[in-house]
Amino acid sequence: MRTVLYLALLLVALFLSSCNNEPTLQKYFVESSEKKGFIEMDVSPSIINIDKTKLTAEQKTALGSFAKMNVLAFKLDKNNKAEYDVESQKVTQILKGKSYQELMKVGSGKDAASVSFIGDGDHINEFILFAKKEENGFAVVRILGNDMNANNIVNMISLLKSSNIDMDALKPLQGLIK
């Protein structure tokens, strides 16, 4: 009986110690989506209006690997500069976590952008675009998919350029862009 009790306590201790308290973008999105100053939206693959019969095999694979996009933006105005600084720093710190691998970073300080991902080179589950501009605010875009890779992302960018994007789906973000 004691052995069973010790085993049960050991399992509970292992379970509790394995819980990850590291902040994630998913948690940040959930916590921030209802806060004042934030704009949040989910974008499905249907935003990309393109004739699928004319796609190459690589383009079809890229489109198939794309599940959805989550966008969270903070609109900066003259009254929320301190909050902007705090929230921007939170995102920066999350992206420095061990789960995220940075691919590229441009700019620094007030105006900057970065591309990060979760996964490994051939099995990427999430691409993250983070951009901030002192005059407008910042935006975090999570591109979620199944076994994406860098080639899929390049093909997706090509598809986006040649597609007829449903701009009505992006209306909530228009106020952020000047």
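The values are calculated or read from the model by the stated rules, or taken from the named source; none is laboratory data. What you are looking at is a predicted structure, and each value in this text was computed from that prediction instead of being measured. No Cβ is skipped: glycine too gets one built from the backbone with ideal geometry, and neighbour counts run over all protein chains shown. Only protein heavy atoms, including side chains, enter the accessible area calculation; ligands, DNA and RNA are left aside. Shrake-Rupley method; radii C 1.70, N 1.55, O 1.52, S 1.80 Å.
Were the residues from Lys110 through Thr24 laid out at 0.36 nm apart, the gain over their Cα-Cα distance would be 28.7 nm.
Give, as a single signed number, the net charge of other residues whose beta carbon lies under 9 Å from the beta carbon of Val115, with Lys and Arg counted +1 and Asp and Glu -1.
That sum, taken over residues with Cβ under 9 Å, equals 0.
Taking label positions 7 Å along the Cα-Cβ direction at both Lys68 and Ser46, the computed distance is 1.2 nm, reported to one decimal.
Solvent-free Debye calculation, one equal scatterer per alpha-carbon of the stretch 66-167: log10 I(q)/I(0) at 0.20 Å⁻¹ equals -1.07. Which residues in the stretch 104-134 place their backbone N less than 12 Å from a point set 7 Å from the Cα of Val154 along the Cα-to-Cβ direction? Output list for this probe position: empty. For Glu126, the solvent-accessible surface with a 1.4 Å probe is about 20 Å², rounded to the nearest 10.
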